[in-house]
Amino acid sequence: MQPQVEVQPGEAPPLAEVVRDAVRERRTTIAGVLDRLELASGPLAQAAELLVGTLRRGNKVLLAGNGGSAAEAQHFAAELVGRFRRDRSPYAAIALTTDTSILTAVSNDYGYEHVFARQVFAWGQQDDLLVAFSTSGESENLVRAAVAARQRRMKVVAVTGERGGRLGRLADVAVRIPCDDTPTAQEIHMMATHILCGITERELSCEDDAS
């Protein structure tokens, strides 16, 4: 048992206590969001079907987001091209957030709102899949990327916060995390990524084993 530390009036609590309180708060918050997501898991299942179907046909997945969501897009691509839990063939996935020359050239010449759409026009083909991460669902560059994907006759999955925004309305499937707090939504986005990667590996690795 940890010894109790007395805090004098006016003093800040020890950092260890602050950390324990923060962990308890995160546990409670995340558990509540996951309970609500479990009750509304249909869109996540539909996203899994689109992802598996896209890769099974030999098409590719394009991923995009801004800030923390850019990191999540890259995380998703890394799990698909590398591996999640199983050694298996790599899956065709490209994060549109990684080439600094393209990002800066397009932003400089056309404006940052075009930074993903132009890449979708460059690489997207019919029956490919765009996965766009945005907690607000209102990022202009992702909305334009979704419109570009539609023009390319691609499918679109939006992974958003509770409201979904314009991006959610443009998507074939909108995975709305039932939470209006951005950091919490981003944490659940990572869980959703892992769920989708696990399902994809299970489905496609079984087919590889069978062949």
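For the range 31-68, name all the residues that are more than 14 Å from the chain's Cα centre (by Cα) and among the small types (Gly, Ala, Ser).
If we filter the range 31-68 for residues that are more than 14 Å from the chain's Cα centre (by Cα), which is where we start, we get 31-42, 45-46, 49-50, 52-60.
Ala31, Gly32, Ala40, Ser41, Gly42, Ala45, Gly53, Gly58, listed by residue number.
Is there a residue being part of a helix (DSSP H, G or I), modelled with pLDDT of 95 or more, touching a Ser or Thr at 6+ places or on another chain (Cβ under 6 Å) and within 24 Å of His189 (Cα to Cα) anywhere in the range 102-119? Can you show your working first?
Within the range 102-119, the subset part of a helix (DSSP H, G or I) is 102-110, 112-114, 117-119.
Imposing the further condition that a residue be modelled with pLDDT of 95 or more reduces the set to 102-110, 112-114, 117-119.
From what's left, touching a Ser or Thr at 6+ places or on another chain (Cβ under 6 Å): none.
No, because not a single residue in the range 102-119 is part of a helix (DSSP H, G or I), modelled with pLDDT of 95 or more, touching a Ser or Thr at 6+ places or on another chain (Cβ under 6 Å) and within 24 Å of His189 (Cα to Cα).
Give the residues of the range 148-205 that are more than 27 Å from Ala122 (Cα to Cα) and not in a helix (DSSP H, G or I), sorted by residue number.
Correct list: Gly161, Glu162, Arg163, Arg176, Ile177, Pro178, Cys179, Asp180, Asp181.
Quickly run through the range 72-86 and pick out the residues that are in contact with a helix residue (DSSP H, G or I) (Cβ under 9 Å, 6 or more places away or on another chain) and either in a loop (DSSP other than H, G, I, E, B) or surrounded by fewer than 21 Cβ atoms within 10 Å (Cβ to Cβ) (or both).
If the condition is that a residue be in contact with a helix residue (DSSP H, G or I) (Cβ under 9 Å, 6 or more places away or on another chain) and either in a loop (DSSP other than H, G, I, E, B) or surrounded by fewer than 21 Cβ atoms within 10 Å (Cβ to Cβ) (or both), then His75, Glu79, Arg83, Phe84, Arg85, Arg86 are the ones that fit.
List the residue pairs whose Cβ atoms are under 9 Å apart, where the first residue sits in the range 182-208 and is within 16 Å of Thr54 (Cβ to Cβ), the second is in a helix (DSSP H, G or I) and among the small types (Gly, Ala, Ser), and the two are 6 or more positions apart or on different chains.
Leu196/Ala47; Leu196/Ala48; Ile199/Ala45; Ile199/Ala48; Thr200/Ala48; Glu203/Ala48
Tell me which residues, restricted to the range 104-121, are among the aliphatic types (A, V, I, L, M) and under 14 Å from Leu63 (Cα atoms). Please lay out each step first, then the result.
Pass one, the range 104-121, residues among the aliphatic types (A, V, I, L, M): 105-106, 115, 117, 120.
Of everything in the range 104-121, those that are among the aliphatic types (A, V, I, L, M) and under 14 Å from Leu63 (Cα atoms) turn out to be Val115, Ala117, Val120.
Would you mind finding the one in Val143, Val147, Val159 that is touching a residue at least 60 places away in the same chain (Cβ under 8 Å) and either crowded, with 21+ Cβ neighbours inside 10 Å or out of contact with any Cys (no Cβ under 6 Å at 6 or more places or on another chain) (or both)? Spell out the reasoning first.
Numbers: Val143 fails: touching a residue at least 60 places away in the same chain (Cβ under 8 Å); Val147 fails: touching a residue at least 60 places away in the same chain (Cβ under 8 Å).
Only one candidate passes the filter, namely Val159.
The values are calculated or read from the model by the stated rules, or taken from the named source; none is laboratory data. Predicted, not measured: the structure shown is a model, and the values here were computed from it. Backbone-built Cβ (ideal geometry, glycine too); neighbour counts: all protein chains shown.
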